[in-house]
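Trainee: First, the structure itself, so that you have it in front of you.
What follows is calculated from the coordinates using simple rules that are stated; it is not laboratory data. Since the model is a prediction, treat every value here as computed from it, not as a measurement. Virtual Cβ from ideal backbone geometry, glycine too; neighbours counted across all protein chains shown.
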Amino acid sequence: MIYILGYMGLVPFILLPVLFGLTHSQASFHFIMSFLIYSAGIALFMAGAVWGRCVDRTVPEKRSLVASNVITLGVIALGLFVFYSPMVLLIGIGLAHGLNLYFEPKRDHPRYLKLRFILTGVVLTAHLCMLALIVI
């Protein structure tokens, strides 16, 4: 079930850039905003997951605990103060996804780690595609 839900979560990351690229009307604004809101929500969710995995350990990784909170506050700050620049939001939230993967507590579950790399890779690729579509 984890794998199905993980891959299903990629649908908006794939669909919204395609829709944004195909439309050249006011609807395109809604596609990019939907992408940014969805991506920020997932980044915040994953930062919370990192925090949760840390506190479940007998000796929590302090670096990952702090990083999960900094990532959360950073994404919220981006949303509050940079809402007028979709390019900065795309880059910042994309970095948050990468940092979430980097600070993910290490554990003996190679299939899950492979899933996280695939999912994060697709998310970062979607961010780069959306960035390219904005610039073009």
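Trainee: For the chain, what does the helix formula give at 222 nm: sum of -39500 (n - 2.57) over DSSP H segments with n ≥ 4, over the residue count, nearest 500 deg cm²/dmol?
Mentor: Calculated mean residue ellipticity at 222 nm is -28000 deg cm²/dmol.
Trainee: Separate question: Give, in nm to one decimal, the length gained when the segment between Ala132 and Phe29 is fully stretched (0.36 nm per residue of separation minus the Cα-Cα distance).
Mentor: 35.6 nm
Trainee: Please list 3J(HN,Hα) in residue order for region 38-51, calculated via the Karplus relation 6.51 cos²θ - 1.76 cosθ + 1.60 where θ = phi - 60°; whole Hz, with x for glycine and proline.
Mentor: 4, 5, 4, x, 5, 4, 5, 4, 5, 5, x, 5, 4, 4
Trainee: Exposed loop trypsin sites (Lys or Arg not before Pro) only (DSSP loop, at most 12 other Cβ atoms within 10 Å): please give the longest stretch of the chain free of them, not including the sites.
Mentor: Longest run free of exposed loop sites: 1-56.
Trainee: A follow-up question, please. What length, rounded to one decimal in nm, is gained on full extension from Lys114 through to Leu15, with 0.36 nm per residue of separation minus their alpha-carbon distance?
Mentor: Length difference between fully extended and current span is 33.4 nm.
Trainee: Quick check: residue separation of Arg57 and Ile4 times 0.36 nm, minus the Cα distance between them. What number comes out in nm?
Mentor: 16.4 nm
Trainee: With a cut-off of 8 Å between alpha carbons and a minimum separation of six or more residues, what is the relative contact order of region 2-135 in percent?
Mentor: About 31 percent, as a whole number.
Trainee: While we're on this one: Give me the one-decimal Kirkwood hydrodynamic radius in Å for region 75-136, with the sum taken over alpha-carbon pairs.
Mentor: Kirkwood hydrodynamic radius for region 75-136: 12.8 Å.
Trainee: Shifting gears a bit: For region 1-52, rounded, prolate or oblate, judged on the Cα gyration tensor with a ≥ b ≥ c (square roots of eigenvalues), a/c < 1.5 rounded, else prolate if a/b > b/c?
Mentor: In terms of gyration-tensor shape, oblate.
Trainee: In whole percent, what relative contact order does region 1-81 give with Cα contacts below 8 Å and a gap of six or more residues?
Mentor: Across region 1-81, relative contact order equals 22 percent.
Trainee: Assuming a ≥ b ≥ c are the square roots of the Cα gyration tensor eigenvalues, decide whether region 1-107 counts as rounded (a/c under 1.5), prolate (otherwise, with a/b larger than b/c) or oblate.
Mentor: Verdict is oblate for region 1-107.
Trainee: Quick check for me: using +1 on Lys/Arg Cβ and -1 on Asp/Glu Cβ, what's the dipole size of region 2-135 about its Cα centre, in debye to the nearest 20?
Mentor: For region 2-135, the charge dipole is close to 360 debye.
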